[in-house]
Amino acid sequence: MTSTYDSTMFRETFESEFTYLNGFMRNVRRFGHRTAVIDPAAKKQWSYTEFNMDCNRLANALKNDGVKKSDIVLVQLFNSPQFLFGYIGAQKVGAIFNPVNFNLSPGETAEIMAHNKPKVYIYDSEVVETALKAIELCSHKPEIVIAVNNSKKEFTAPEGHILYDEYVKNQSELDPPVDFEPHIYDEVARLQTSGTTGTPKGVPLNNINEVLSAHDVIMHFPLNPTDITMNMTPWFHRGGLHSGGPTPTLYIGGALVIMRTFNPKVTLEYVERFGISFITGVPSILTLLASRQEKKPKNRITIQGTTYNIDEDIWESIEWRKVLKDITVKAYWNYQGTLTIQLDDYIPSDTERRDKIVATLCRLLKDGYGMSVDEQAGVVTVARKYDYDNDGQIVAFPSGSFFEILSRFRLFVMQNRHYPFMDGEHDEIALRKWYREVGHGLVKMTDEQKILFEN
């Protein structure tokens with residue numbers, strides 16, 4: 001391939017520097033004093049500086065034990081600080097972080113162990129029997145076996161194993177020297193399927209995978225450094241690690257709340273206590289949250305969005321919209337099977353007012369867009385004109401277009417709380433002001449439509 005310029009320096013810099021770890025370290029430098037991780041169960045928080053120090057303790061311990069580039073660090077952990085230390089710490093020495101389902105049987109765990117041949121095995125004390133049996137069954141024996149005990153129960157590490165706190169004790173909190181050549185195509189994480197369609201399989205993820213996964217979620221939610229997230233599912237799978245989990249949150253510089261196991265009562269308490277802005281889970285969790293909120297409502301619901309893997313039929317059947325009343329405009333669109341719900345505290349919660357706001361907002365979209373409004377569900381579906389076939393049927397839903405408009409509308413509302421959104425008579429005036437100051441250029445209208453709208 002011929003080039004119009006010498007791109008050698010750019011390629012070399014990009015391929016060695018555009019790593020997930022460098023993105024995280026940028027936040028350590030920029031947001032060192034700000035909260036990175038919250039562990040309510042342990043009643044402890046880490047700033048980015050403090051969190052990096054604990055990651056360094058593990059990284060230096062691994063390095064001192066000869067763990068090097070491309071070695072496997074297999075972890076069988078619940079959502080916990082040690083899971084996060086392993087995720088970042090392994091990257092600091094060039095190792096591959098390999099999270100595994102803690103619900104697997106000893107045989108399944110042994111099969112993964114035999115295939116991946118980890119040099120390090122870190123497990124939770126709750127699954128010690130699985131760990132012992134798996135090691136016994138497996139022909140490959142990890143050189144370093146570490147037990148994490150976050151329970152209040154006494155636990156003695158089996159012979160040949162070491163407790164995590166002992167393993168990192170007295171280790172340096174400084175960044176370990178980089179004695180390997182990082183590359184964007186280096187494998188940094190290896191997820192495991194749980195074998196529901198056969199035997200467990202490994203899914204390698206390189207630096208570019210991690211960086212772009214983080215960017216994808218950051219833009220899709222969207223996330224910013226002031227957000228506080230909590231993924232209510234285990235982090236060992238992609239939906240846990242990447243969707244509102246550690247990968248995007250630590251990359252953007254936000255704060256991550258640790259939930260070891262899901263509990264609807266505890267979830268809503270955490271939302272109220274920490275001001276969580278995004279929660280992630282599965283549809284059944286959403287139903288349980290709604291049931292809990294209906295029985296014992298929390299007053300301070302700060303959630304800006306929830307993300308679930310869900311299909312339209314399930315979405316239509318969910319009754320929780322009647323319970324979590326901060327929802328203003330709900331946008332549904334196909335985006336890799338993901339549903340995002342935008343919430344806002346500054347728009348009136350009653351259905352009639354919301355429908356009026358949605359209808360007014362839709363009038364901005366006359367030219368170049370087609371839309372349908374389900375007033376009962378409060379769902380607005382939008383498609384560009386060229387996404388209709390000759391019979392006027394929608395054939396595709398563009399991701400991002402309407403979502404971007406709604407996001408900017410929400411930002412405008414938050415920045416202009418003094419505008420009379422709450423009295424019911426001036427919603428349309430405020431929306432027109434938003435169109436003139438923010439929406440113009442996003443929304444195309446003919447001159448005739450602009451005149452009608454302004455009048």
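The values are calculated or read from the model by the stated rules, or taken from the named source; none is laboratory data. Model, not experiment: these values are computed from the prediction. Neighbour counts are summed over all protein chains in view; Cβ atoms, including those assigned to glycine, are modelled from backbone coordinates with ideal geometry. For accessibility, only protein heavy atoms count, side chains too; no ligands or nucleic acids. Shrake-Rupley method; radii C 1.70, N 1.55, O 1.52, S 1.80 Å.
Being in a helix (DSSP H, G or I) and in contact (Cβ under 8 Å) with a residue 24 or more places away in the chain is the filter here; which residues of region 119-133 pass it?
As a first pass, look at region 119-133 and keep what is in a helix (DSSP H, G or I): 125-133.
Those that are in a helix (DSSP H, G or I) and in contact (Cβ under 8 Å) with a residue 24 or more places away in the chain: SER125, GLU126, VAL127, VAL128, THR130, ALA131, LEU132, LYS133.
So, in region 134-166, of the ones that are touching a residue at least 40 places away in the same chain (Cβ under 8 Å) and open to solvent by less than 30 Å² (accessible area, probe 1.4 Å), which residue ends up farthest from GLN82 (Cα to Cα)? It would help to see each step written out before you state the result.
Taking region 134-166 first, the residues touching a residue at least 40 places away in the same chain (Cβ under 8 Å) are 142-144, 148, 150, 164.
Of the ones still in play, those that are also open to solvent by less than 30 Å² (accessible area, probe 1.4 Å) are 142, 144, 148, 164.
On the way: PRO142: 18, ILE144: 15, VAL148: 8, TYR164: 8 Å.
For region 134-166, the residue satisfying everything is PRO142.
Which count do you get for residues in region 217-231 that are open to solvent by 10 Å² or more (accessible area, probe 1.4 Å) and closer than 21 Å to PHE97 by Cα? Break it down into steps so the answer makes sense when it comes.
First, pick out the residues of region 217-231 that are open to solvent by 10 Å² or more (accessible area, probe 1.4 Å): 217-220, 222-226, 228.
Subsequent filtering for residues that are closer than 21 Å to PHE97 by Cα retains 217.
Total satisfying the criteria: 1.
On the given criteria, is GLU50 free of Cβ contacts under 8 Å to residues at least 24 places away in the same chain and within 29 Å of ASN263 (Cβ to Cβ)? Let's see the steps before the verdict.
Values: free of Cβ contacts under 8 Å to residues at least 24 places away in the same chain: yes; within 29 Å of ASN263 (Cβ to Cβ): yes.
Taking the combined requirement at face value, the residue satisfies it.
Condition check ((1) basic (Lys, Arg); (2) buried (at least 17 other Cβ atoms within 10 Å of the Cβ); (3) over 17 Å from ASP124 (Cα atoms)) across all residues:
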{"site": "SER7", "(1), (2), (3)": "no, no, yes"}
{"site": "SER16", "(1), (2), (3)": "no, no, yes"}
{"site": "ARG26", "(1), (2), (3)": "yes, no, yes"}
{"site": "ALA36", "(1), (2), (3)": "no, yes, yes"}
{"site": "LYS43", "(1), (2), (3)": "yes, no, yes"}
{"site": "ASN56", "(1), (2), (3)": "no, yes, yes"}
{"site": "ALA59", "(1), (2), (3)": "no, yes, yes"}
{"site": "SER70", "(1), (2), (3)": "no, no, yes"}
{"site": "ALA90", "(1), (2), (3)": "no, yes, yes"}
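If a residue must be in a helix (DSSP H, G or I) and within 23 Å of ASN231 (Cα to Cα), how many such residues does region 62-82 contain?
If we filter region 62-82 for residues that are in a helix (DSSP H, G or I), which is where we start, we get 62-64, 81-82.
Pick out the ones that are also within 23 Å of ASN231 (Cα to Cα) and you get 81-82.
Matching residues across region 62-82 total 2.
Condition test on GLU181, is it of a type in the set (D, E, K, R), surrounded by fewer than 16 Cβ atoms within 10 Å (Cβ to Cβ) and in contact with a Ser or Thr (Cβ under 8 Å, 6 or more places away or on another chain)?
Details: of a type in the set (D, E, K, R): yes; surrounded by fewer than 16 Cβ atoms within 10 Å (Cβ to Cβ): yes; in contact with a Ser or Thr (Cβ under 8 Å, 6 or more places away or on another chain): yes.
So GLU181 passes the test.
Here is a check on your reading of the model: is VAL203 among the hydrophobic types (A, V, I, L, M, F, W, C), touching a Lys or Arg at 6+ places or on another chain (Cβ under 7 Å) and open to solvent by 40 Å² or more (accessible area, probe 1.4 Å)?
When the stated conditions are applied, VAL203 passes them.
Among the residues of region 1-29, what is the count of those that are touching a Phe, Trp or Tyr at 6+ places or on another chain (Cβ under 8 Å) and in contact (Cβ under 8 Å) with a residue 60 or more places away in the chain? Write out each step before concluding.
To start, the set of residues in region 1-29 that are touching a Phe, Trp or Tyr at 6+ places or on another chain (Cβ under 8 Å) comprises 15, 20, 23-24, 27-28.
Subset that is in contact (Cβ under 8 Å) with a residue 60 or more places away in the chain: 15, 20, 23-24, 27.
Number of matching residues: 5.
Scan (1) within 9 Å of the chain's Cα centre (by Cα); (2) among the β-branched types (Val, Ile, Thr); (3) modelled with pLDDT of 90 or more for the single condition ILE258 breaks and write down its number.
Going through the list (1) within 9 Å of the chain's Cα centre (by Cα); (2) among the β-branched types (Val, Ile, Thr); (3) modelled with pLDDT of 90 or more, ILE258 breaks only (1).
Condition check: open to solvent by 80 Å² or more (accessible area, probe 1.4 Å), of a type in the set (Phe, Trp, Tyr) and at pLDDT 95 or above. Does TYR123 satisfy that?
On the way: open to solvent by 80 Å² or more (accessible area, probe 1.4 Å): no; of a type in the set (Phe, Trp, Tyr): yes; at pLDDT 95 or above: yes.
Answer is no for this residue.
Which count do you get for residues in region 93-119 that are on the phi > 0 side of the Ramachandran plot and crowded, with 19+ Cβ neighbours inside 10 Å?
Taking region 93-119 as the starting set, the residues that turn out to be on the phi > 0 side of the Ramachandran plot are 94, 117.
Now narrow it down to the ones that are crowded, with 19+ Cβ neighbours inside 10 Å: 94.
The qualifying residues number 1.
Can you tell me which residue is farthest from the chain's Cα centre (by Cα) among those in region 5-61 that are in a loop (DSSP other than H, G, I, E, B) and hydrophobic (A, V, I, L, M, F, W, C)? Break it down stepwise before answering.
Just the residues of region 5-61 that are in a loop (DSSP other than H, G, I, E, B), to begin with: 5-7, 18-19, 31-34, 40-43.
Restricting the remaining residues to those that are hydrophobic (A, V, I, L, M, F, W, C) gives 18, 31, 41-42.
Numbers: PHE18: 20, PHE31: 19, ALA41: 20, ALA42: 22 Å.
That would be ALA42.
Condition test on PHE236, is it among the aromatic types (Phe, Trp, Tyr) and touching a Pro at 6+ places or on another chain (Cβ under 9 Å)? Walk me through how you get there before you give the answer.
Values: among the aromatic types (Phe, Trp, Tyr): yes; touching a Pro at 6+ places or on another chain (Cβ under 9 Å): yes.
Here the answer is yes, as PHE236 does meet what is asked.
So which strands (runs of 3 or more DSSP E) are wholly in region 167-275 and hold at least 3 residues that are without any contact (Cβ under 8 Å) to a residue 40 or more places away in the chain?
Numbers: elements: 187-192, 202-206, 228-231, 255-257.
Fully inside region 167-275 and qualifying: 202-206.
Can you confirm whether LEU212 is of a type in the set (A, V, I, L, M) and open to solvent by 10 Å² or more (accessible area, probe 1.4 Å)?
Considered against the rule, which asks whether it is of a type in the set (A, V, I, L, M) and open to solvent by 10 Å² or more (accessible area, probe 1.4 Å), LEU212 comes out as yes.
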